[in-house]
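The structure under discussion appears below in the form of structure tokens.
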Amino acid sequence: IVVGEPSAALTEYKKGELSQRIEASKNWKPSPPDEMHNPDPMIAIIGDAQLAGFDMRFIDPKLPSDPTSKLNLMIDGIIDSYNAHNDVEYLNPETGEPYPIKGAAHIVFTYGGIGEGVIQNRGFDSKSWIRTRLIEGGVPNTEIAFMSDYKKTSQKEAMFREMREGKKKILIATPKNAGTGVNVQLRLKTLHYGMAPWNPADVEQPDGRIVRQGNQNDEVELSRYAIKATYDETQWAMLSRKSRNVEDVL
């Protein structure tokens, strides 16, 4: 668990606008025809709280980058992982010979914050920001892949092969588009998880991309990113309770 401190802007937003919206939503007293049409439903408020906890530029894209935001904290972790494990040698399972390209691969999951819809609606291009910072951290642009850029099965399979061969080393995805059916585990060393999902399966399935037969690393690292005193605490605690309930049933 990688925990960061909330910025002044995030704290102000949480105690000010967000708290006011929560109170207004709780106190909303609809007339019978409108009882299902809360103008600011709690789910919308939670969505803003999650995005604010990821990076305040989702709330105000004119804000400067905050080095302590969860998004930047996660990117720092990816860069550190990349540089720490970029000299490891891996073997071609078919020939037993070392691959010509050294270096571990890394997979990044976040439930939200990187989709085209949120980028367009919020005015903050998080994908470009992630790519720019990774390149500044020493990762070649050609080694970065966003799952959402690969639409066809043939494109995905070609990218998966490049991940196994070391031509691509960082894959950024969501639990929905890469939680299952992703055969890239051969040299995966680290998994980084940004915005928390709603369901335990959306953590368990992504974890299964790296904790998996065929991975040539004896040990792997799984990092969950969170910011203190934000909805992250509620979200991860809720996931833990749900997970225990599911495990009890099974």
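The values are calculated or read from the model by the stated rules, or taken from the named source; none is laboratory data. In this text the structure is predicted, and so the values were computed from the model without any measurement. Neighbour counts are summed over all protein chains in view; Cβ atoms, including those assigned to glycine, are modelled from backbone coordinates with ideal geometry. With ligands, DNA and RNA removed, areas are computed over all heavy atoms of the protein, side chains included. Shrake-Rupley method; radii C 1.70, N 1.55, O 1.52, S 1.80 Å.
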(message) Report D for region 123-235 in µm² per second (integer): Stokes-Einstein, Kirkwood Rh on Cα pairs, 20 °C, 1.002 mPa s.
(response) 141 µm²/s
(message) Tell me which of Asn83, Ser240, Tyr150 sits at the most positive position along the dipole axis of the chain, charges placed on C-beta atoms (Lys, Arg +1; Asp, Glu -1).
(response) Tyr150
(request) On a 0 to 90° scale, report how tilted helix 42-54 is relative to the longest principal axis of the chain, with both axes built from alpha carbons and the result rounded to the nearest 10. (result) 50 degrees
(message) Spelling out what I want: for every residue of region 70-87, take phi, set θ = phi - 60°, compute 6.51 cos²θ - 1.76 cosθ + 1.60 (Karplus), and round to whole Hz; glycine and proline get x.
(response) 4, 4, 5, 4, 5, 5, 4, x, 5, 4, 4, 4, 4, 6, 6, 10, 8, 10
(request) Calculate how steeply helix 126-136 sits against the longest principal axis of the alpha-carbon atoms of the chain, using the helix alpha-carbon long axis, and give the answer as 0 to 90 degrees to the nearest 10. (result) 40 degrees
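Residues of the chain: accessible area per residue at 1.4 Å, in Å²? Could the numbers behind the result be given before it?
Numbers: 12860 Å² over 250 residues.
Solvent-accessible surface per residue comes out at 51 Å².
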(message) Quick check: with the 1.4 Å probe, what order do Lys176, Lys156 take by accessible area, largest first?
(response) Lys176, Lys156
(message) With loop defined by DSSP as not H, G, I, E or B, and exposure as at most 13 other Cβ atoms within 10 Å, which is the longest segment of the chain clear of exposed GluC sites (Glu not before Pro)?
(response) 95-218
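I need to check one value: relative contact order of region 164-244, counting alpha carbon pairs closer than 8 Å and at least 6 residues apart, in percent. Could the numbers behind the result be given before it?
Working: 88 pairs, mean separation 28.1, N = 81.
Here the relative contact order equals 35 percent.
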(message) What is the angle, in °, between the Cα long axis of helix 153-165 and the longest principal axis of the Cα atoms in the chain? Nearest 10 is fine, range 0 to 90.
(response) 60 degrees
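Over the Cα atoms of region 57-184, Rg to Rh with Kirkwood Rh, two decimal places? Kindly include the intermediate steps, with their values, before the conclusion.
Working: Rg = 15.6 Å, Rh = 15.7 Å.
With Rg and the Kirkwood Rh in hand, the quotient comes to 1.00.
Rounded to a whole number, what % of the accessible area of the chain do carbon and sulfur atoms account for, probe 1.4 Å?
Numbers: 6600 of 12860 Å².
Roughly 51 percent, rounded to a whole number.
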(request) Quick one: of Lys15/Lys70; Lys167/Lys189; Lys189/Lys242; Lys29/Lys228; Lys70/Lys167, which pairs are farther than 21 Å apart, Cα to Cα? (result) Lys189/Lys242; Lys29/Lys228; Lys70/Lys167
(request) Could you grab the Rg to Rh ratio for region 1-68? Cα atoms only, Kirkwood for Rh. (result) 1.08
(request) Starting from the Cα of Asp60, step 7 Å along the direction of its Cβ; do the same at Ala8; then give the gap between the two resulting points in nm. (result) 1.2 nm
(request) Please find the FRET efficiency linking Asn86 to Glu157, where r is the Cβ-Cβ separation and R0 is fixed at 30 Å, and quote it to the nearest 0.05. (result) 0.75
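For region 181-250, would you read off the P(r) tail past 16 Å as a percentage of all alpha carbon pairs? Don't jump to the answer; show the numbers that get you there.
Values: 1314 of 2415 pairs.
In whole percent, the share of Cα-Cα pairs in region 181-250 beyond 16 Å is 54.
In the calculated pair distance distribution of the chain, what percentage of Cα-Cα distances lie above 28 Å?
I get 38 percent for the Cα pairs in the chain exceeding 28 Å.
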